[in-house]
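Take a look at the structure set out below.
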Amino acid sequence: MTSTTEATAVERPPARSTGRRRRRSGWATPYLFLAPYGVLFIGFILAPAIYGIWISLHDYNYLLPNQPWAGLNNYFDLFKSGSRDGADFWRSIRATAIFTVFSVPLLVVIPLAIAMLLNRKFPGRTFFRAVFFTPYVLGVAVVGVLFRFLLDPTIGMLNFYLEKLGFAGDYPWTTQVPWAWVGLVGMTVWWTLGFNAIIYLAGLQDISPELYEAAEVDGATAWDKFRNVTLPGLRPVLLFVLTLTLLASANMFGQSYLITKGAPENSTRTAIYYISQVGLQQYRQGVAAAMSYILALMLILISLLNFRLFREKEES
Amino acid sequence: MNQLNVPLSRRGFMGAAGAVGGALALAACGGKSTPPGAGAGPTASGAGTAYNGPNVTLAFWNGWTGADGDYAKQMVSQFNSETKNVKVNMNVFQWADFFQKMPAAVTSGNGPDIAVMHIDAIPTQAAQRVIVPIDAVANSLKLNQGDYAEAVWQGGIYKDQRYGIPIDVHCLGLFYNKDVFEKAGLDPEKPPTNKDEYMAALEAMKSKGIQGSWVSPFQFTGGLMYQSLLWQFGGELFNEDVSKATWDSEGGIAALTFMTDLVKNGYSPKNVGQDADYVALKNGRNALNWQGIWQVNEVTKLTTTKIGLAELPKIGEKGGVWGNSHQFVLPRTQGSDENKVNAAAYFVNWFTQNSADWAKSGKVPAVESLAESSEFTSIEGLQPFAKEVPDVHFPPAVAGISDAMTAMYDAVNAAVLGKSDPASALRSAANKASQILAQNKKKYG
């Protein structure tokens with residue numbers, strides 16, 4: 001102990017004497033630490049985002065020599081009836097909303113239940129953890145092709161077995177709503193629940209076992225423990241999972257693109273799907289950028305609302 | 001192209017990123033540089049029949065992801081081994097990605113030296129200056145209008161300049177399941193050729209509990225079937241100057257009604273999924289499928305069931321078959337290297353001269369004399385398609401035409417899925433398409 005105090009005592013004076021110089025040279029340190037991230041952020045996020053606003057104000061096609069100025073027309077047209085994109089765009093926003101509203105609750109609740117099961121000790125636990133996580137590593141193209149044939153209304157396996165079980169067996173899982181939504185949400189839940197489950201699992205393991213022991217001593221039931229220990233302990237994780245899942249669902253594209261092709265009548269064509277058609281296939285980047293900004297604005301608002309809700313809960 | 005192959009060194013990358021101008025450089029990718037040599041196009045002086053210049057490497061891009069890609073690869077490696085001073089590197093992309101990637105690559109100076117495109121994409125890419133006019137190359141190859149079917153030849157021209165050199169014609173034909181025909185008591189060597197025979201065959205199959213003609217609500221192949229029928233019923237997709245969509249004419253409505261009636265009268269199940277019509281044909285649940293020539297190789301290899309190939313039946317009064325054509329194009333490159341252009345011309349010439357080999361991938365050669373050669377006529381299964389070529393229609397050579405066509409595919413989808421009746425689906429799609437055509441005209445001129 002004494003030697004340590006001595007050592008610090010010895011070191012202190014020189015430290016004090018160079019303090020001024022060190023402070024001056026230290027001025028840049030935090031910025032240097034930030035620089036690599038800052039450069040990437042500015043170069044790959046901020047600058048393109050601002051440039052995107054510029055694009056959205058033009059009749060933009062990056063391949064043509066001229067990009068005529070359009071002002072806010074790209075935005076106004078989306079709200080005008082009878083315009084080329086208005087009705088289609090809002091229809092695609094609606095499709096995105098439907099998908100999000102149905103997939104998010106399932107993707108928040110089911111993985112939690114699975115994580116709690118997988119958090120118990122039982123033989124083969126690691127194996128089951130792998131089983132639930134495995135689909136997540138597959139690309140959307142693989143899962144899409146797989147489910148296109150599983151769900152196919154006339155030659156699909158799902159209807160085949162439903163028929164064997166005595167159901168009608170001709171449910172249009174990929175070609176009519178609402179069945180198509182059931183198919184798309186179902187496959188997405190199967191495909192991505194592993195990711196959320198892993199996050200939950202990590203969160204569950206962070207909750208101190210002593211809290212459960214204390215609750216048990218107080219005679220808490222399993223439900224009491226879940227409500228009063230597990231859920232509060234998982235709050236930050238829940239917020240993370242909810243926000244991430246919301247954004248992921250709102251960005252759904254591949255599933256519709258591969259499985260339904262937007263059928264029927266483009267009612268399962270999501271916003272990102274439509275934006276990619278306009279921007280990448282029709283080479284109308286101006287309109288596509290305007291639509292992206294509207295979608296982004298909506299997502300920012302929803303995320304803010306989300307954070308606000310969780311904070312209020314915390315305060316109360 | 002080289003820039004694409006050389007991996008950016010780490011130091012180089014950090015340097016570029018460090019100069020915050022990197023962001024501006026990115027922004028400048030979309031800049032307004034006027035392409036060099038736009039309008040004039042490269043000239044090939046080597047007459048295309050030989051290449052004697054220094055060694056060059058050509059990057060060749062296409063979208064042949066299926067079995068056709070394997071044939072193309074074989075041909076390219078044969079070319080490489082025969083031609084010492086030209087090396088062709090082939091890159092394959094999904095067609096859906098191809099038309100996004102290539103324009104971007106060309107704009108940033110990393111485009112290929114030679115590429116393949118569909119005939120209906122040529123005007124759009126020409127207007128966007130992704131590809132350059134190649135009249136000089138075509139002249140040096142001594143391409144002759146008389147050697148090609150009219151539509152194939154015309155389709156490579158945009159605004160009086162040639163942009164595409166035709167390789168092949170690929171079109172729709174009638175694929176039918178011979179085993180199912182036998183089961184229904186029909187002659188498996190006599191596929192239906194007109195409406196009466198078609199309906200009689202369907203009726204015979206229906207009595208055996210088989211839904212004989214599945215109608216797909218999707219572009220592949222319902223949308224292609226619709227176009228074929230439209231022409232058969234005397235309709236046209238667009239008016240003469242392509243300022244209006246006309247598929248809601250009487251012929252167009254009759255065509256789509258024929259398809260929806262197949263569903264309504266139980267000759268097709270409702271809600272056919274993507275490609276389910278074709279899968280069902282192969283497993284014997286469907287019997288008559290209006291399918292693309294590109295599937296020929298697959299069905300002739302089947303051992304489980306026998307698939308017959310025939311010309312499309314004439315349901316309407318006239319012959320009408322949907323078709324498309326692959327064409328060679330030369331992408332705009334930053335500095336036009338005459339040796340590369342000459343080597344490219346030589347490769348194009350070599351490939352088209354050997355396109356009877358290419359036909360084995362399931363295509364009809366665009367050069368008529370090749371289509372009539374014994375080399376081609378000995379290929380199993382492709383002859384009915386070759387016979388159809390005079391009846392094949394292509395989309396008009398107008399920039400941005402696929403934007404308008406999408407509306408038509410949407411109408412087919414809505415009507416076949418029973419969401420809307422054929423007439424009103426076609427009418428609202430045609431209105432929308434006419435609006436798109438007007439906007440495109442303003443955009444592309």
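Structure above, values below:
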| item | result |
| --- | --- |
| Some residue of segment B:368-391 being open to solvent by less than 20 Å² (accessible area, probe 1.4 Å), within 14 Å of chain A (Cβ to nearest Cβ) and in contact (Cβ under 8 Å) with a residue 40 or more places away in the chain | no |
| Of the criteria (1) over 27 Å from B:Ala50 (Cβ atoms); (2) of a type in the set (Val, Ile, Thr); (3) open to solvent by 20 Å² or more (accessible area, probe 1.4 Å), which one B:Ile157 fails | (1) |
| Flag for A:Ile294 being of a type outside the set (Gly, Ala, Ser), more than 14 Å from chain B (Cβ to nearest Cβ) and farther than 25 Å from B:Ala96 by Cβ | yes |
| Single residue of B:Gly308, B:Gly292 found to be open to solvent by less than 20 Å² (accessible area, probe 1.4 Å) and under 17 Å from B:Gly223 (Cα atoms) | B:Gly292 |
| Residue ranges of strands (runs of 3 or more DSSP E) in segment B:242-345 with at least 2 members among the basic types (Lys, Arg) and in contact (Cβ under 8 Å) with a residue 40 or more places away in the chain | none |
| Those residues of segment A:261-316 which are open to solvent by 90 Å² or more (accessible area, probe 1.4 Å) and assigned to a loop (DSSP other than H, G, I, E, B), in sequence order | A:Ser316 |
| Identity of the residue in segment A:22-40, within 10 Å of chain B (Cβ to nearest Cβ) and hydrophobic (A, V, I, L, M, F, W, C), that ends up most open to solvent (accessible area, probe 1.4 Å) | A:Leu40 |
| Counted residues, segment A:172-221 - those being within 14 Å of chain B (Cβ to nearest Cβ) and part of a loop (DSSP other than H, G, I, E, B) | 7 |
| Complete set of residues in segment B:435-445 that are more than 10 Å from chain A (Cβ to nearest Cβ) and surrounded by fewer than 18 Cβ atoms within 10 Å (Cβ to Cβ) | B:Lys441 |
| Residue tally, condition open to solvent by less than 50 Å² (accessible area, probe 1.4 Å) and either at pLDDT below 95 or away from chain B (no Cβ under 14 Å) (or both), over segment A:157-171 | 2 |
| Yes/no for A:Thr188 being more than 30 Å from A:Thr268 (Cα to Cα) and touching a residue at least 40 places away in the same chain (Cβ under 8 Å) | no |
| Test: residue in segment B:336-345 that is within 18 Å of B:Val56 (Cα to Cα), touching a Ser or Thr at 6+ places or on another chain (Cβ under 7 Å) and open to solvent by less than 10 Å² (accessible area, probe 1.4 Å) | yes |
| Residue satisfying condition, being at pLDDT 95 or above and open to solvent by 10 Å² or more (accessible area, probe 1.4 Å), within set B:Ala255, B:Ala200, B:Ala245 | B:Ala200 |
| Residues of segment A:222-260 that turn out to be outside any helix (DSSP H, G or I) and within 14 Å of chain B (Cβ to nearest Cβ), as a count | 1 |
| Residue in segment B:401-417 that is within 11 Å of another protein chain (Cβ to nearest Cβ), among the small types (Gly, Ala, Ser) and touching a Lys or Arg at 6+ places or on another chain (Cβ under 7 Å) present | yes |
| The listed residue being surrounded by fewer than 20 Cβ atoms within 10 Å (Cβ to Cβ) and within 20 Å of the chain's Cα centre (by Cα), out of B:Glu150, B:Glu82 | B:Glu150 |
| Any hit, segment B:222-233, residues being more than 22 Å from the chain's Cα centre (by Cα) and either under 28 Å from A:Leu258 (Cα atoms) or surrounded by fewer than 24 Cβ atoms within 10 Å (Cβ to Cβ) (or both) | yes |
| Failed item, numbered, when B:Gln211 is tested on (1) in contact with a Ser or Thr (Cβ under 9 Å, 6 or more places away or on another chain); (2) under 27 Å from B:Lys387 (Cβ atoms) | (2) |
| Complete set of residues in segment B:127-137 that are open to solvent by 10 Å² or more (accessible area, probe 1.4 Å), within 14 Å of chain A (Cβ to nearest Cβ) and either free of Cβ contacts under 8 Å to residues at least 40 places away in the same chain or not charged (D, E, K, R) (or both) | B:Ala127, B:Val132 |
| Boolean, B:Ser216 is over 22 Å from the mean Cα position of the chain (by Cα), within 13 Å of chain A (Cβ to nearest Cβ), open to solvent by less than 20 Å² (accessible area, probe 1.4 Å) and within 25 Å of A:Ser256 (Cα to Cα) | no |
| Matching residues in segment B:392-428 - criterion: being over 15 Å from B:Ala255 (Cα atoms), outside any loop (DSSP other than H, G, I, E, B) and open to solvent by less than 30 Å² (accessible area, probe 1.4 Å) | B:Val392, B:Ile401, B:Asp403, B:Ala404, B:Met405, B:Ala407 |
| Hits in segment B:106-126 - residues which are within 19 Å of B:Asp168 (Cβ to Cβ) and of a type in the set (Asp, Glu) | B:Asp120 |
| Residues located in segment B:347-367, provided they are more than 19 Å from the chain's Cα centre (by Cα) and open to solvent by 40 Å² or more (accessible area, probe 1.4 Å) | B:Gln353, B:Asn354 |
| Extreme residue, most open to solvent (accessible area, probe 1.4 Å), among residues of segment B:262-276 that are more than 9 Å from every other protein chain (Cβ to nearest Cβ) and among the polar types (S, T, N, Q) | B:Asn265 |
| Any hit, segment A:43-66, residues being more than 12 Å from chain B (Cβ to nearest Cβ), in a loop (DSSP other than H, G, I, E, B), modelled with pLDDT under 95 and surrounded by fewer than 16 Cβ atoms within 10 Å (Cβ to Cβ) | no |
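Rundown of residues vs (1) part of a strand (DSSP E or B); (2) without any contact (Cβ under 8 Å) to a residue 12 or more places away in the chain, yes/no style:
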site	(1), (2)
B:Ala72	no, no
B:Asn89	yes, no
B:Gln100	no, yes
B:Pro103	no, no
B:Gly111	no, no
B:Ala115	yes, no
B:Asp120	no, no
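The values are calculated or read from the model by the stated rules, or taken from the named source; none is laboratory data. This one's a predicted model, so the numbers in the text were calculated from it and none came from an experiment. Note that each Cβ is placed from the backbone with ideal geometry, even for glycine, and that neighbours are counted across all protein chains shown. Areas reflect the complete protein model, heavy atoms only, side chains present, ligands, DNA and RNA absent. Shrake-Rupley method; radii C 1.70, N 1.55, O 1.52, S 1.80 Å.
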